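One structure below.
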Amino acid sequence: MSKRHKKLEVNKRCQPDTGSSPGAIYLDDKSLEPRITLHIISATKYISQPIGSLDEIRGLLNNPGETIWVEIKGFKSLPMFEFLQNEFHINKLTLEDITRTHERPKFEEFDDYAFAISRMLIFNPERELENTQVSFILFHNAVITFQENYEDCIQPVRERLKAGKGNIRIGGASYIMYAIMDVIIDTYLEILAGWADELDEIEDQLMIKPERSMMYDAQLIKRHLIGIRRVAWPEKDKLNDILRSDSPFIREQTKMYIKDAYDHCIQVIDLVDSLKEIAVSSIDMYLSMISVRMNEIMKVLTIISSIFIPLTFIAGIYGMNFSRQDPITGEILPMNMPELYSPFGYLYAIILMIVIAALQLLYFRKKGWFK
């Protein structure tokens, strides 16, 4: 397998057991310790600081003029989820969807909050493409994001918050959620752009010198594209659900920007389909070129075989060496190869072979075999 790509990694540790009770929070031994970061956002300030537990945000959710973003990475804390259930009335099924990180992108509405899931794709240090879940719990002026691991692709959102440009600080909690989703979708486009360049390179190299590794690379990109398509389609449906939603937690101004993210998602799907066709055509091109090369080799071997078949026949006939004279009685055997004792027999045989080979070559050339 090429070092440029490795298998798309999807976390399967949190698959529910058959017949398990709905609403159960699943935390396994490999879960990471939670890292909680509190972002306090207003038109005039932006504060980002780590906190030890969710107890520290009790009195912050209802501060007028401020938007709260709580960023949680790592799930190894059952009291943290119990706090969410008791203090914020988070449904148990929502908590189950957060901890079982195999869910498809979706949007759900509840009386006290709105819930959404996105899939984040990011390359780890080993150049493996990881597919991880990012969950959102949205309130009027607060949003809580959940991520099982410490990987990060939403640093641009924090940079925009620090710069304070645009609507990022005054758009409210729903705008923060949109901004994170938009960065995730833009990451899809960035990944696809890299694969588009590599497929172009593969096509160019196929014209020069096709190698088996190129077919493997194209096949691996094709598999990755199928994985992204599985993410992009439900992401598009989720954004469409948000646009059609009457949830009081989604501002109308935010929906204008969500339309832009929706367009980007459609662009991702179109690009995936186009690149998938290019990958398939590259694989077919490689196989066709290998087939053409094999046909050329077989044609050369066929020409060589066709030339030597009659020559081998002549050499085989005169290689039988039947004696013209009986060595015991001295009797002449007229039916036994008199040419063997001709003074120029060997020369005549060689000339005959050369003439036959030359006539064959002229015939093959007339038929266009050498074009």
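The values are calculated or read from the model by the stated rules, or taken from the named source; none is laboratory data. As the structure is a computational prediction, the values presented were derived from the model and not from experiment. All Cβ positions, glycine included, derive from the backbone under ideal geometry; neighbour counts span all protein chains shown.
Here are the numbers:
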| quantity | calculated |
| --- | --- |
| Cβ pairs under 6 Å, 6+ apart, first in the stretch 73-101 and within 16 Å of A114 (Cα to Cα), second outside any helix (DSSP H, G or I) and charged (D, E, K, R) | H89/D112; D97/E103 |
| All positions within the stretch 78-115 that are outside any helix (DSSP H, G or I), closer than 18 Å to Q133 by Cα and touching a helix residue (DSSP H, G or I) at 6+ places or on another chain (Cβ under 8 Å) | E103, R104, P105, K106, F107, E108, F115 |
| Residue in the stretch 281-301 that is farther than 30 Å from I184 by Cβ, part of a helix (DSSP H, G or I) and at pLDDT below 80 present | no |
| Some residue of the stretch 214-233 being farther than 18 Å from V183 by Cα, of a type in the set (S, T, N, Q), in contact with a Lys or Arg (Cβ under 9 Å, 6 or more places away or on another chain) and touching a residue at least 12 places away in the same chain (Cβ under 8 Å) | no |
| Filter result for the condition that a residue is touching a helix residue (DSSP H, G or I) at 6+ places or on another chain (Cβ under 6 Å) and under 26 Å from R169 (Cα atoms), over S42, S118, S53 | S118 |
| Positions within the stretch 22-57 being assigned to a strand (DSSP E or B), farther than 14 Å from G74 by Cβ and hydrophobic (A, V, I, L, M, F, W, C), in sequence order | L38, I40, I41, I47 |
| Looking only at the stretch 80-112, and only at residues there that are more than 19 Å from I154 (Cβ to Cβ) and in contact with a Ser or Thr (Cβ under 8 Å, 6 or more places away or on another chain), the one that is surrounded by the most Cβ atoms within 10 Å (Cβ to Cβ) | F81 |
| Residue check, V280 under 30 Å from A116 (Cβ atoms), touching a residue at least 12 places away in the same chain (Cβ under 8 Å) and either of a type in the set (S, T, Y) or surrounded by 11 or more Cβ atoms within 10 Å (Cβ to Cβ) (or both) | no |
| Residues within the stretch 303-336 that are assigned to a helix (DSSP H, G or I) and either loosely packed, with under 13 Cβ neighbours inside 10 Å or of a type in the set (D, E) (or both), tallied | 7 |
| Answer from K6, K45, K30 - the residue that is at pLDDT below 80 and not polar (S, T, N, Q) | K6 |
| Q219 assigned to a helix (DSSP H, G or I), more than 17 Å from E277 (Cβ to Cβ) and polar (S, T, N, Q) | no |
| Within the stretch 25-61, considering residues that are surrounded by 14 or more Cβ atoms within 10 Å (Cβ to Cβ) and among the hydroxyl-bearing types (S, T, Y), the one nearest to the chain's Cα centre (by Cα) | S31 |
| Matching residues, the stretch 234-277, being under 30 Å from N62 (Cα atoms), free of Cβ contacts under 8 Å to residues at least 60 places away in the same chain and not aliphatic (A, V, I, L, M) | N240, R244, D246, E252, K255, K259 |
| Test result for R160, touching a residue at least 24 places away in the same chain (Cβ under 8 Å) and either more than 15 Å from the chain's Cα centre (by Cα) or not in a loop (DSSP other than H, G, I, E, B) (or both) | no |
| Qualifying residue in the stretch 195-213 (condition: of a type in the set (D, E, K, R), free of Cβ contacts under 8 Å to residues at least 12 places away in the same chain, within 18 Å of Q267 (Cβ to Cβ) and part of a helix (DSSP H, G or I)) | yes |
